[in-house]
Amino acid sequence: MRLLIINTLPKVHPAAEKAICCLTEKASECMTFYTEDMRITPCIGCNACWLKTPGICAVKDDYEQILKAYLQYDVTLFISDTALGFINYKMKHVIDRILPMATMYTRIENGQTRHVPRYNKEFRFGLLYAGKGNQDYLAHWMSRFCLNFHGISLGAFPIEAWEEVCACIS
Amino acid sequence: MHFVIISGAARTQSKSNTAKIIAAFCEGLQNGGNTSKIWYLSDRKQWKSAKIAFEENENILFALPLYVENVPGIMLEFLACLSAKERPGSRISFLLQGGFPEVSQGRCCEEFLKTLPAQLGCGYGGTFIKGDMFGLSLMGEKMEAKLLQPFIEIGRQFGENGAFRRETIEAFSIPEYLSEEQIRISNGPLRYVQRFAMRYFARRLGCKTKLDAKPFCEKELQETQEETI
């Protein structure tokens, strides 16, 4: 199992360090992005990735390598801090930029409109969070997010419970 | 009443669907004898004054587009810099718009929005959700005016007591889901019309590849570069 980790927590975060170290050992191959070393700006909502340069984000920063990595790895694990019970803005900026993975086209599946996926890949996304997140809501949000990107949610867990993710990815 | 309106849209004001909705909404507020002042978070120079306006005023409305099932990252960033109000009496309401037609697509975000006022020391004035707003800027002035018209009345009704009334939501925040017939049409002939229209808009914007191009697959990259829409 090839694992992609996107960590928006500081590099020096004992719980995240431990989780990343242990998860790396479990995976056959693992790549970790530390976003504190990267320049990732917020989505500007220009829709270029849907209508002008399909699949390619108009914002030229360090994000494109993450976009490519989503396609190269079996599972993506987001590691985030929390604010107001939800993921914090740093991780939301990262996730908002995932739009190029969907096309502008839509179709109705199970009674709701969905974007037609751009790539023939079933994504698997999980979330580990630090701080006071609302776990029930985060799990619900992850499932909704995955639904609209034709993926499977592995759930949302406090970072100390990283072993729960191991069970999902092994 | 005086309302502070904060746009959580990431798109610049001149190109923002949310800004157009706010303008129509404010027209309705004004028709009811209210006043309003708008701040746009897409312009970071406005953040400081938006924060002060939030602190000093009691009637706050956040207008926002749905972004990956929740609020846009920039709005989350702004919310994180606010402190909870210590003095009671303030109220926060939300106007949430999305591209998908079903109101149910906004429910997950609404669940989060409901928690915010209490965390910021305010009361909750409700969330109004409206879908099918993606094409607002693409469909020409006539259709744009038609789509915006209801927001004038929604704004007028909101201005009466500074909160979204159940009757307003029931009348305008629809449909929760598409009907079976709408689904049949959407997945049938309308799908081809929609694709044709999108390719037309894309070409007008200068798009030179297929809208379902796969630029990060080598084979696909080669194919899509050769083929134009």
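The values are calculated or read from the model by the stated rules, or taken from the named source; none is laboratory data. All values derive from a computational prediction rather than experimental measurement. Glycine gets a Cβ as well: all are built from the backbone with ideal geometry, and neighbour counts include every protein chain shown. The protein model used for the area step is the full one, side chains on, heavy atoms only, and it has no ligands, DNA or RNA in it. Shrake-Rupley method; radii C 1.70, N 1.55, O 1.52, S 1.80 Å.
Things worth noting here:
Residues are listed down the side, and each one gets a yes or a no for (1) more than 20 Å from A:Thr53 (Cα to Cα); (2) outside any helix (DSSP H, G or I); (3) in contact with a Leu (Cβ under 8 Å, 6 or more places away or on another chain):
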| residue | (1), (2), (3) |
| --- | --- |
| A:Leu71 | no, no, no |
| A:Thr76 | yes, yes, yes |
| A:His93 | yes, no, no |
| A:Pro100 | no, no, yes |
| A:Thr106 | no, yes, no |
| A:Tyr119 | no, yes, yes |
| A:Gly126 | yes, yes, yes |
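- Filtered residues of segment B:51-80 (kept if more than 27 Å from B:Asn34 (Cβ to Cβ) and of a type outside the set (Val, Ile, Thr)): B:Tyr67, B:Glu69, B:Asn70, B:Gly73, B:Leu76, B:Glu77, B:Ala80
- Failed criterion for A:Lys60 (all others in (1) touching a residue at least 12 places away in the same chain (Cβ under 8 Å); (2) more than 10 Å from chain B (Cβ to nearest Cβ) hold): (1)
- Meets criteria (modelled with pLDDT of 95 or more, outside any strand (DSSP E or B) and away from every other protein chain (no Cβ under 11 Å)) for A:Gly133: yes
- Pick from segment A:9-34, criterion of a type outside the set (A, V, I, L, M, F, W, C) and more than 24 Å from A:Cys168 (Cα to Cα), ranking: nearest to the other protein chains (Cβ to nearest Cβ): A:Pro10
- Candidate set: segment B:119-136, residues that are aliphatic (A, V, I, L, M) and either part of a loop (DSSP other than H, G, I, E, B) or under 14 Å from B:Ser93 (Cα atoms) (or both); chosen: the one farthest from the other protein chains (Cβ to nearest Cβ): B:Ile129
- The residue list B:Lys45, B:Lys51 contains one member that is of a type in the set (Lys, Arg), within 22 Å of B:Gly162 (Cβ to Cβ), in the same structural domain as B:Arg165 (by TED's automatic domain parsing) and open to solvent by 10 Å² or more (accessible area, probe 1.4 Å), which is B:Lys51.
- Condition check for A:Met104: aliphatic (A, V, I, L, M), under 26 Å from B:Phe134 (Cα atoms), modelled with pLDDT under 95 and open to solvent by less than 10 Å² (accessible area, probe 1.4 Å): yes
- Candidates in segment A:108-117 are the residues that are more than 8 Å from chain B (Cβ to nearest Cβ) and part of a strand (DSSP E or B); of these, the one that is surrounded by the fewest Cβ atoms within 10 Å (Cβ to Cβ) is A:Glu109.
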